[in-house]
Amino acid sequence: MNCISTRGAALPVSFVEAMLGGLAPDGGLYVPETWPQVSGAEIAGFAGRPYHVVAASILQRFTEPELSAEVITSLCEQAYGAFDHPAVTPLVQIGSGSFLLELFHGPSLAFKDLAMQLIAGLYDHLLTARGRVATIVCATSGDTGGAAVEAFRGHGSIRLVALFPAGRISEVQRRFMTTTEEPNIRAVAVDGDFDDCQSILKALFQDEAFVRAVDLAGVNSINLARIVAQSAYFFAAAAALGSPERKVAFAIPTGNFGDAYSAYAAARMGLPVEQVIVATNANDIVARALENGRYERGPSLSTQSPAMDIQVASNFERLWFECCGRDAEQTVSAFRAFAADGAVDIPSATHAAMRRWFHAAAIDEDHTTAQMLAVFGESELVIDPHTAVALAAARTIGNVGSTAPTVILSTAHPAKFPEAVRAALGLEPPLPPRVRRLRGLPESFDRLPADVDAVKAYVRAWAS
């Protein structure tokens, strides 16, 4: 499996090298040179199988022959053995043709665990074999950092720095990063928003001397391995609902567009997807782009669904590249213009191709709260605000003229957002033991300005 950059100036690399490298050296994002295919018979065969078997089947298409099927199967089994639910990603029916896909049964109670636990095992296997100690810097809007800390803590082959926007994530999200005592973990509060953290991360990867000096790697959804690992749960859910004989629609809360692009990746690999409903909160850059054809940054707003408080959706570049016929020249021109001006118009043919796959809706705060209350009244289920955004979008857009079931991605446990739950329902969310444990632990983190050079100096000092 070779991987190429969306910007066309980097040489093709293997999937393993793309994973270890993170961002392409030309500033682009890696995508497969060709999408591997999963047959209808194979999809049908996923029904009733353990989740790690499905994940291994998908991942092997990208890692062979660099990693054997036996190694991948073992790593997948280890990764998902730590989850609290035997199904790993259970489906819960909430209405006629509507299902929640619970993705929060991992160590940090968020969907990011599905990829991060697997990637940690892959990194450790590869780096140990090569005698390397790599430095991972991740930018988080709340959940990526906690998932990375839970996945990489104690790994001698990795130094992890988690950058989070100071004061803009929930206390539980923060404590997943700041309460570990493992010496290979550092948490850093950045005086800015998530887009500042993400901009810093991308700048680090484009400094080749810095990358070499600290052996820099990444686990944000700019890393193709995150996309591949996440695509597995779309296959598992669809197979459980009768795919490939029956198409399935997905409703996905989005910030950086990684999960939504993972659904697209599954479709490109052969999963019969009816439509993908992209749900944003008030930070609606993706919803506006898909609806009106203009990708334009707005002000970064703080909401009750902070993991979606993003105004630069990195994975949108991957979708643009695919939908313009893999025209790297158009892609690099568009995203250079966006970086300079904060806005770019999507060519009509490219926009039409996007609309064949995606529909979008932006959900405001009142609508989010109302959806949490409605679900509790209908089924006594407590959902988090990110799930509420996705469910509200699914009910707003609907699946007109289709009998395909709609799967709403429930991306975080409500215990991570107790303030939002209290405001909507007037009660405390159920507290898993993992959250109760965090409350009694002291926190430790550093603080830096939203400045690339300050972060470089910090990371260099630690890695030296």
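Things worth noting here:
- In summary, the aspartates and glutamates within cross-link reach of K247, defined as a Cα separation below 12 angstrom excluding same-chain residues under 8 places away, comprise E274.
- Viscosity 1.306 mPa s, 10 °C: Kirkwood-radius Stokes-Einstein D of segment 319-419 over Cα pairs, µm²/s: 97 µm²/s
- Looking at the chain alone, DSSP beta bridges between its own residues are antiparallel in about 25 percent of cases.
- Ratio Rg/Rh, restricted to segment 71-125 and using Cα atoms, in which Rh is the Kirkwood radius: 1.07
- Antiparallel bridges, percent of DSSP beta bridges restricted to segment 18-163 (to nearest 5): 40 percent
- Using alpha carbons only: equivalent-ellipsoid semi-axes of segment 24-141, gyration tensor based, whole Å: 26, 19, 16
- Each residue, R437 and A69, gets one label point 7 Å from its Cα in the Cβ direction; the gap between the two is 3.6 nm.
- The label-point distance for V133 and Q206, in a model that sets each label 7 Å from Cα toward Cβ, rounds to 3.0 nm.
- Modelled spin labels at E171 and A9, positioned 7 Å past Cα toward Cβ, are 4.8 nm from each other.
- Per residue, the chain reaches -14000 deg cm²/dmol at 222 nm when only DSSP H runs of four or more residues are counted, each adding -39500 (n - 2.57).
- Calculated on the alpha-carbon coordinates, the convex hull of the chain measures out at 128 cubic angstrom per residue.
- Cβ-based exposure ranking for D259, D284, D124, D446, in which fewest neighbours within 10 Å come first: D446, D124, D284, D259
- Cβ-to-Cβ counts within 10 Å put W35, W320, W357 in ascending order as W35, W357, W320, the fewest first.
- Fewest-first sequence of H85, H351, H413 by Cβ atoms within 10 Å of each Cβ: H85, H351, H413
- Cubic angstrom per residue, convex hull over Cα atoms of segment 322-374: 116 Å³
- Loop-located GluC sites (Glu not before Pro) in segment 132-211 (DSSP state other than H, G, I, E, B) with a sparse environment of at most 16 neighbouring Cβ atoms within 10 Å: E181.
- Dimensionless Rg over Rh [segment 149-190; C-alpha; Kirkwood]: 0.97
- A convex hull fitted to the Cα coordinates of segment 172-284 yields 157 cubic angstrom per residue.
- Rounded to 5, percent antiparallel among DSSP beta bridges of segment 83-182: 40 percent
- Building the convex hull from the alpha-carbon atoms of segment 237-338 and averaging its projection over directions returns 7.1 nm².
- Membrane-span-like helices of the chain, defined as complete DSSP H segments with a Cα extent of 24 Å or more along the helix axis and a mean Kyte hydropathy of at least 0.5, are identified as 224-240.
- For segment 384-443, taking the reciprocal of the average inverse distance between every pair of different Cα atoms yields a Kirkwood hydrodynamic radius of 13.7 Å.
- Under 17 Å from K112, Cα to Cα: lysines that are on another chain or at least 8 residues apart: K416
- Highest mean packing first, where packing is the average number of other Cβ atoms within 10 Å per residue, the peptides 213-219, 295-301 line up as 213-219, 295-301.
Here, each number is a calculation from the coordinates, and none is a lab measurement. Since we're looking at a predicted model, the values are computed, not measured. So basically every Cβ, Gly included, is an ideal-geometry build from the backbone, and we count neighbours across all protein chains shown.
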